[in-house]
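**Student:** What follows is a structure written as structure tokens; I'll ask about it next.
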Amino acid sequence: MIAISNTYGYIRVSTRDQNEDRQLIAMRELSIPEKNIFLDKQSGKDFERPQYKKLVKKLKPDDLLYIKSIDRLGRNYGEILEQWRILTKEKGIDIVVLDMPLLDTRRGKDLMGTFLSDIVLQVLSFVAENERTNIRQRQAEGIAAAKARGVRFGRPPRPLPENYYSAYQRWKAGAITGTAAAKECGMPLSTFRYRAEIYEKAKLL
């Protein structure tokens, strides 16, 4: 009995808020059955994704898998290469990356074709991970720049107690210690001093 090969599509978006329509349209244009299209709404940092795992279990030799771009498969350089090896060598399937025609394992199955495909894959995998690293760096730099401008992150501070102003004035006048003032306001001394600093900078007094 001759095994019938199947065609599959894999789609990934990083968050539940991102739209998968562009990838989905591309898969439907290839006439891939809906039941053979697997979608994960999850980060590409690793391959611990439920739909991807389900897809891999279904794949058998000579099946064909389409993905829109290499970063939809994943963003970790080493893991992309390992998954590519598992899919093409262990599972024995073909993979087509729609945005990169050179990454089509149906073509050039001779030594040179495989060699070129492997080089392109390694370069693109590196680019995908490098871009992820750059995004993290830009985010860190943006946060640092915002903090330098005085932007505060995290939860907004709790409202000051009603007696804060009175305690603050007596503390500034030397009538009571900072520890006593903080205790009156029901807050740690460090928080009392921090809020006093903000109070002064805001010129509320």
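Just so it is clear, none of the values below were taken in a lab; they were calculated from the coordinates. Because the structure is a prediction, the values reported are computed rather than measured. Reconstructed Cβ throughout: ideal geometry from the backbone, glycine too, with neighbour counts over all protein chains shown.
**Student:** When ARG138, ARG49, ARG107 are ordered from fewest to most other Cβ atoms inside 10 Å of their Cβ, what list results? Mind showing how you got there, number by number?
**Tutor:** On the way: ARG138 10, ARG49 20, ARG107 14.
Lowest count first: ARG138, ARG107, ARG49.
**Student:** Using amide H atoms built 1.01 Å from N in the peptide plane, name the residues 5+ places from ILE37, or on other chains, whose amide H lies under 5 Å from its own.
**Tutor:** GLY9
**Student:** Using modelled amide H (1.01 Å from N, peptide plane; none on Pro or chain starts), what sits under 5 Å from the amide H of ASP62, excluding residues fewer than 5 places away?
**Tutor:** Long-range HN contacts for ASP62: ILE93, ASP94.
**Student:** Taking the Cα centre of region 1-91 as origin, work out the dipole magnitude from +1 charges on Lys and Arg Cβ and -1 charges on Asp and Glu Cβ, in debye rounded to 20.
**Tutor:** Details: 19 positive and 14 negative charges, 36 e Å.
Value, rounded to 20: 180 debye.
**Student:** Near LYS68, which lysines are there with a Cα under 22 Å away, not counting those fewer than 8 places off in the same chain?
**Tutor:** LYS35, LYS41, LYS45, LYS53, LYS54, LYS57, LYS58, LYS60, LYS89, LYS91, LYS109
**Student:** For region 184-192, in order, what is each residue's ³J(HN,Hα) by Karplus, 6.51 cos²θ - 1.76 cosθ + 1.60 with θ = phi - 60°, in whole Hz (x at glycine and Pro)?
**Tutor:** Each residue of region 184-192 in turn: 4, 8, x, 9, x, 4, 4, 5, 4 Hz.
**Student:** Provide GLU184, GLU34 in ascending order of the number of other Cβ atoms located within 10 Å of each residue's Cβ, fewest first.
**Tutor:** On the way: GLU184 18, GLU34 9.
Ranking GLU184, GLU34 by Cβ neighbours within 10 Å, fewest first, gives GLU34, GLU184.
**Student:** Using θ = phi - 60° and the Karplus form 6.51 cos²θ - 1.76 cosθ + 1.60, what ³J(HN,Hα) does each residue of region 25-35 get, whole Hz, x for Gly and Pro?
**Tutor:** Calculated HN-Hα couplings, in order: 4, 4, 5, 5, 5, 8, 6, 6, x, 3, 5 Hz.
**Student:** Return the sequence-ordered ³J(HN,Hα) values of region 55-66 in whole Hz as given by the Karplus equation 6.51 cos²θ - 1.76 cosθ + 1.60 applied to θ = phi - 60°, using x for Gly and Pro.
**Tutor:** For region 55-66, the Karplus-derived couplings read 4, 4, 5, 7, 5, 9, x, 6, 5, 10, 10, 9 Hz, x marking Gly and Pro.
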